[in-house]
Ligand code: BDR
Ligand code: CA
């Protein structure tokens, strides 16, 4: 089983990603970051999901604000709690001692991947503190950015937009990086049929997943008039656990920090000429959505 640290900001799709990681990978630790909601909320949500799963991996809290930008959250999609619709219970879990960044550094080894599902602040701080870190991990599989459209601005995706300086440091760090951006994640969606199947199963995990996905679908119906929801973060887990379901290509990717219209955009070099810049990222372009959905459901229905 592939070994990973999951750095996340749960978050509905982060929660589903944790469920997938629990089923299909060896999760060494979960680290949390401010993103979809403030750090205290994303950490509590991570503890809740890990307790629901009966998973032993420790949860470490990390950065409570971006490197430079002001903290801004995705309340419109995930609610004030970051995990609207979740059935809360007294989980009795406590956050582990130690800072997430110290743990990212301490747990780094050649067989351990970092799966990054929120703003890249913790990873950027790890690189700042230990410049050898990018070469000491197996790689970084991240959900962030896009080769095409954005979701916060016309061109910027939330995780990159929320902390562009951190993202620029990570994309430029020389690690083995897999990028699952919006161009990919919009190919893998859940809808009412998914929530019905999960509700009918009736296990604690399936019911929890059904509840949070139903809430996410309702938010997106109001915000975007759509009846489904892209499963962004699970793609970054699947890129490692089920790589045969994805097509990737090596590209030069940089993060725009300055443009009035483009701050927080990932800029992908898709030129076909020899002028193309040296690649630094494996960009995911296609996912076999049908088979990936089966893999997701297998984990949630287990
Ligand atoms: C990303 O932003 C967050 O709202 C989701 O959890 C996902 O990581 C999608 O843009
Ligand atoms: Ca996320």
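The sum of -39500 (n - 2.57) across all DSSP H runs of n ≥ 4, divided by the residue count of the chain, sets its helix-only mean residue ellipticity at 222 nm to -11500 deg cm²/dmol. Note on residue 97 and residue 128: with the Förster distance fixed at 35 Å, the Cβ-Cβ geometry gives a FRET efficiency of about 0.95.
Between residue 191 and residue 135, the distance separating the two model label sites (each 7 Å from Cα on the Cα→Cβ line) works out to 4.9 nm. If a/c stays under 1.5 just call it rounded; otherwise compare a/b with b/c (prolate if a/b is bigger, oblate if not). Do that for the range 1-109, with a ≥ b ≥ c from the square roots of the Cα gyration tensor eigenvalues. Since a/c reaches 1.5 but b/c is at least a/b, the shape of the range 1-109 is classed as oblate. Rounded, prolate or oblate: which one fits the chain, using the alpha carbon gyration tensor with axes a ≥ b ≥ c (rounded when a/c is under 1.5, else prolate when a/b beats b/c, else oblate)? Rounded, since a/c falls under 1.5. With the simple spin-label model, which puts each label point 7 Å out from Cα in the Cβ direction, the residue 207 to residue 154 separation comes to 4.7 nm. Structural descriptor for the range 3-301: relative contact order 20 percent, calculated from alpha carbon pairs under 8 angstrom and at least 6 residues apart. When you restrict to C-alpha pairs under 8 Å that are six or more residues apart and normalise by the size of the range 60-184, the relative contact order lands at 28 percent. A simple spin-label model places pseudo-atoms 7 Å from Cα toward Cβ; at residue 291 and residue 110 they are separated by 3.0 nm. Please report the antiparallel percentage of DSSP beta bridges with both residues in the chain, rounded to the nearest 5. Roughly 30 percent of the DSSP beta bridges within the chain come out antiparallel. Among 63, 76, 278, the largest mean-square fluctuation in a Gaussian network model of the chain (Cα springs under 10 Å) belongs to 278.
Residue order for 52, 300, fewest other beta carbons within 10 angstrom first, comes to 52, 300.
The numbers here are math on the coordinates, done by the rules we state, and not lab data. In this text the structure is predicted, and so the values were computed from the model without any measurement. Don't worry about glycine lacking a Cβ; one is built from the backbone with ideal geometry, like all the others, and counts go over all protein chains shown.
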